Amino acid sequence: MTGSDAGLSNGLSAKPLLSVLKGACPDVPPMWLMRQAGRYLPEYRALRAEKGGFLELVYDSGAAAEVTLQPLRRFAFDGAILFSDILIVPYAMGQDLWFEAGEGPRLAPILAETELSALKPDFSRYEAVYETVRQVRAALDPQVTFLGFAGSPWTIATYMVAGQGSKDQGAARRLAYLQPEKFGAIIDAIIDATVIYLSGQIEAGVEAVQLFDSWAGSLAPLEFERWVIQPNKRIVEKLKAIHPEIPVIGFPKGAGAKLIDYAVGTGVDAVGVDETVDPHWADRELPEGLPVQGNLDPLALIAGGKAVEEAVDNIRAAFAGRPHIFNLGHGILPDTPIDHVEALIRHVRQNRTQPESR
């Protein structure tokens, strides 16, 4: 252990991932994988088929807790990520949400000012998620850090405006340019709803939260400042005013060189780095001592073998001198072999002294 680990006198060392978020720099990084609870696991596929649909699974708190815990039974991850969906926020804001089989989520698009003002928020739609948190927290190994999450305002707004995902987020980008006041009102509403959501997750038992900005990479620099950095900064400030001890991880996928401005401007406690970013560049350019998370290519994990080992070694070498959480650069893919995940854990943990099984 390094000196920063030895200086942790508050018991955080019993939770390796949380310790890193607080500034520890262990010899072997803690790890979890984005979307670790999901379609690559046969037990998840069986449970989803039983429940009949994704939203039904999310809103069955017992089933959602089971999905959250499933990967922890197979793998010695240091973090559990809440099983839910980023579009629960616009659903609670009053926007209709449903899932089309084989096509993904759908929302009733917000195309006019009257449609935004007509939304009737119903934050009781968060309650099932909070119950999931309570059930997971009660069952979780005390060494495992429990992570909550929400989508960042820009990414949520792209779905709210278009009614679904898109390749270039063109509808939201166009609205932001042509009607910035209207788009700003949507962002403001998302900020408020997100703070309520994350605060409720924290009160129910999560120990850190992650803000997913999956479509941050589609914005020009000035728009990135306006619709990514500033809204995330406001969420962090509001959340810290209520829960100052809870770390916030920011993950602006596709930010590239704008990652530096994001790290400085938002005030997040840690930054997620996607697979397109050179980890050596990130270590050089990001603020000294800022914890980072990432950034193995999910396709390298599918390839396995030498490809994944070389990538892991490169990432670990790059971040050896700063607090680092080992993770993917985005979510684990459905066709990822389970034995490749097991081999990844062994390779990352090959010098770790604590037991891998729990």
Mind checking the per residue accessible area of segment 49-99 for me, 1.4 Å probe, whole number of Å²?
31
Once 39, 174 are ranked on solvent-accessible area with the largest value leading and a 1.4 Å probe, the list reads 174, 39
Multiplying the sequence separation of residue 14 and residue 299 by 0.36 nm and subtracting their Cα-Cα distance, what value in nm do you get?
99.4 nm
At 4 °C in a medium of viscosity 1.567 mPa s, segment 4-143 has a Stokes-Einstein diffusion coefficient, with Rh taken as the Kirkwood radius over alpha carbon pairs, in µm² per second, of 75
Which value, in Å² and to the nearest 10, is the accessible area of residue 123 when all protein chains are kept and the probe is 1.4 Å?
70
In nanometres, what is the gap between the two model label sites at residue 101 and residue 39, each 7 Å from Cα along Cα-to-Cβ?
1.5
When the Debye formula is applied to the Cα atoms of segment 117-267, each taken as the same point scatterer, what base-10 log of I(q)/I(0) results at q = 0.11 Å⁻¹?
-0.44
Report relative contact order for the chain in percent, whole number only (criteria: Cα-Cα under 8 Å, sequence separation at least 6).
20
What is the magnitude of the charge dipole of segment 220-351 about its Cα centre, with +1 placed on the Cβ of each Lys and Arg, -1 on the Cβ of each Asp and Glu, and no other charges, expressed in debye to the nearest 20?
400
Amide H of residue 210: which non-local residues (sequence gap of 5 or more, or other chain) have their own amide H closer than 5 Å, using H built in the peptide plane?
148, 149, 150, 249
Cut-off under 14 Å on the C-alpha distance; same-chain residues fewer than 8 positions from residue 15 excluded. Which aspartates and glutamates are left, in chain and number order?
5, 78, 141, 207, 356
Heavy atoms of residue 276: accessible area, 1.4 Å probe, square angstrom to 10:
110
Charge dipole (the chain, unit charges on Cβ, about Cα centre) - positive-most of 295, 152, 345:
345
Among the listed pairs 233/258; 22/240; 167/253, those beyond 20 Å (Cα-Cα)
none
Measure out, as a whole number of angstrom, how far apart the alpha-carbon centroids of segment 46-76 and segment 201-244 sit.
26
Accessible area (Å², per residue) of segment 135-261, counting only protein heavy atoms and a probe of 1.4 Å:
36
In segment 37-72, which residues have a backbone nitrogen under 16 Å from the label point lying 7 Å from residue 138's Cα in the Cα-to-Cβ direction?
60-69
Shape call for the chain, from the Cα gyration tensor axes a ≥ b ≥ c (a/c under 1.5 means rounded, otherwise prolate when a/b beats b/c, else oblate), comes out prolate
On alpha-carbon atoms, Rg over Rh for segment 117-194 using Kirkwood Rh?
1.11
Qualifying GluC sites (Glu not before Pro) for segment 74-177 [loop in DSSP, other Cβ within 10 Å: at most 12]
103
Over the heavy atoms of residue 86, what accessible area does a 1.4 Å probe trace out, to the nearest 10 Å²?
30
For the chain, what % of the accessible area comes from carbon and sulfur atoms, probe 1.4 Å?
51
Based on DSSP H runs of at least 4 residues, each adding -39500 (n - 2.57), what is the mean residue ellipticity at 222 nm of the chain after dividing by all its residues, to the nearest 500 deg cm²/dmol?
-13500 deg cm²/dmol
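The values are calculated or read from the model by the stated rules, or taken from the named source; none is laboratory data. Here the structure is a predicted model, which is why all the values come from computation and not from measurement. In this analysis, Cβ positions are derived from the backbone assuming ideal geometry, glycine residues included, and neighbour counts consider all displayed protein chains. When the accessible area is computed, the model is the full protein with side chains, heavy atoms only, and any ligands, DNA or RNA have been set aside. Shrake-Rupley method; radii C 1.70, N 1.55, O 1.52, S 1.80 Å.
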